[in-house]
Every structure is written in structure tokens, then in C-alpha cells.
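For reference, the structure discussed in these notes is given below.
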Amino acid sequence: MSVKRKIRKEPIKIGENPNEWIFEEHEYDLDIIEVYRKLEKLLNNSSNLKPHIDKAEYLKNFKYGIEYYCKARKIDFDFHFNTGYVIVPSTEEYYVNCLGMALICWDFYKIRAFLNHQKEKYLGEDNFTKIVEFGAYFIMVNNSPFEDIKDRQALVMEWVEEQSIKQEKSPSKRTAADNKTKKPKPTEIKIFEDLFGDKSQIESIIKILKKHDIANKDGTWNGITNKNSEVLALIDVLREKRYIKKHPQTLTAKLFCEKFELNLSDRSLRTKTQTYYDNLDEYKKIIPDLNP
């Protein structure tokens, strides 16, 4: 006797039986496996690639990021990589990166519908139009393997401008809606030390970084591979192990840059390069788990 399968949108966790479920997905949901497949198809069929792009290496790096995301959340990566259905929630920090990657390969004539759907379903704390303009747009531009994406850039920014105009024309309506769901104002973050829940942990982290020659004796940055952008890997490990509180990535990265005298552009602070992934596991080994 066959058992009726239940419907779900969330990806399967390791240990769950996928045969018990039917996956439900909207055409414009942000399924990162589907984004990978779209990019894979475009890469294999395009003659418009940048000269330095290695197709296999590009896809390998993208796949590694997806796999890391899945493993960190105990999602069955092996199952989903073959079937799809890993919808990244808009409350995840990884969401903006996925949105930018989706804009690289989404059907050009459906980008507006895709962004409208994502805006309608958005549950994050930041303004959606702003994260498209200042986050996803730059990820699209910096990570696109294609030579000419000017039409996509123009289309995304046209959408952003249209949304901005709509918001300006209905300020009273927006204010009323905001007041209904207004949250307590978070503690203002001004300096590096404000990122840590327990100030006593700051000294121990600095000692660890100096011990492994990641920070110099004078407190300036040296790093594992001497590349400034790997600081993003350190930040994510400190977040995962709950040394630092969750604040916007760009703000957190800027405070780290000030502390260690690093010079990184806003674009670099939003983009996780291969250097990030190369050093992520090393920082996990170096930074000890917090005692419960």
C-alpha cells in the first residue's frame, strides 16, 4: 500500500527520507541549485565569456559555496544537487549573494517578474530595493563570467529606480505599515569591540590570531595567505561560533578593516571570492568553539 507523500518547500535534512515528500516550488523562488544549472547551461553554450574565465573552475567555486551553505544547515546536499529544491530564505545572509548570482543567468525578459516576486515574499530586515541596488547588483557585475551584461545592468537599475519612485510617492502609506511592525532600535554599533557579546573574548581572539601569525605583533593584519579579503572567512567563523553578534556584513567587515588596518572597497566587502572558501576551513580549525 503506497503512502501519500506530504508537500514541503524546505530542503531535506540529512537523515530524512526524501521519498516521503513532494517538493513545491514557485517559478520565481530563489532555488540556488536551479541557478547553478542555469549558469552551467549558459557557460557551456556562450561565446561571450570573459577571456580569463575557466568554465570548470568557475562552476567548481560556485558549487563549493552551495555545498558549504547546505552542510552548515545539515541540508542533504548530495540529494538536492541532483534534484534541485534548495530555496534560500530571504532571512539568510547567503540570500543576497544568491540573488546576485541569479540575476546573472535569469531569463532576461523575466527578471522584472522575478524581482517583483522576491520583493513580495521578502522577510529580511533590510529594505529589499536597497539590497538589490547595493548588494545583488554588485554581485552580479563582479561575478558574471560574461563579457557584456550592460543590458542586464540597465534593466536591474531601471527596476530599482521604479521601486524608489513608488516608495517616494506613497510615504504616508509606507510609514503607517512600518509603524505596525516597528522593532526596537538595535544597539548602535560604532567600533570593533561592539560586535562582541562578551568583551573578554576579544583579547583571546586577538591572542589566537597573533599566535598563528594572522595578526602581527602590532595588531595589523597578516592573514593566512596574505590576502585581505580572507577576513570575511574569519568573520563568518566568529559568527558561526557565536563570538560576534549578527550585524550587516558590510558594517561588520568595515569595523574589522578599521581594527586591522585593512584597505578593502565596499565591493570587496560584499563579495566572497575563492580566497574566502580556501581559508574558511583553516579558520574553523584555528578558532576554538565557545564553551556552552
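Only one entry of E93, E125, E57 meets the criterion of being free of Cβ contacts under 8 Å to residues at least 60 places away in the same chain, charged (D, E, K, R) and closer than 25 Å to E10 by Cα, and that entry is E125.
Mind checking whether some residue in the stretch 257-273 is of a type in the set (V, I, T), part of a helix (DSSP H, G or I) and at pLDDT below 85? Write out each step before concluding.
First pass over the stretch 257-273, keeping only residues of a type in the set (V, I, T): 271, 273.
From what's left, part of a helix (DSSP H, G or I): none.
No: the stretch 257-273 contains no residue that is of a type in the set (V, I, T), part of a helix (DSSP H, G or I) and at pLDDT below 85.
Looking only at residues in the stretch 63-87 that are closer than 15 Å to L39 by Cβ and surrounded by 19 or more Cβ atoms within 10 Å (Cβ to Cβ), the one that is modelled with the lowest pLDDT is G65.
Could you grab me the full set of residues in the stretch 202-234 that are assigned to a helix (DSSP H, G or I), within 17 Å of T252 (Cα to Cα) and free of Cβ contacts under 8 Å to residues at least 60 places away in the same chain? Result: I202, I206, N228, S229, E230, V231, L232, A233, L234. Here N222 clears all of (1) modelled with pLDDT of 90 or more; (2) of a type in the set (S, T, N, Q); (3) touching a strand residue (DSSP E or B) at 6+ places or on another chain (Cβ under 7 Å) except the condition numbered (1). Of all residues in the stretch 135-169, those satisfying the criterion of being part of a helix (DSSP H, G or I), under 19 Å from the mean Cα position of the chain (by Cα) and in contact (Cβ under 8 Å) with a residue 24 or more places away in the chain are G135, A136, Y137, F138, I139, M140, N142, N143, V156. Where helices (runs of 4 or more DSSP H) fall wholly inside the stretch 1-105, the ranges with 1 or more residues that are of a type in the set (D, E) are 32-45, 55-72, 77-83. Filtered by the rule that a residue be under 14 Å from L280 (Cα atoms) and in contact (Cβ under 8 Å) with a residue 60 or more places away in the chain, the stretch 235-252 gives a lone residue, E240.
The values are calculated or read from the model by the stated rules, or taken from the named source; none is laboratory data. Given the structure is predicted, the values throughout are model-derived calculations rather than measurements. All Cβ positions, glycine included, derive from the backbone under ideal geometry; neighbour counts span all protein chains shown.
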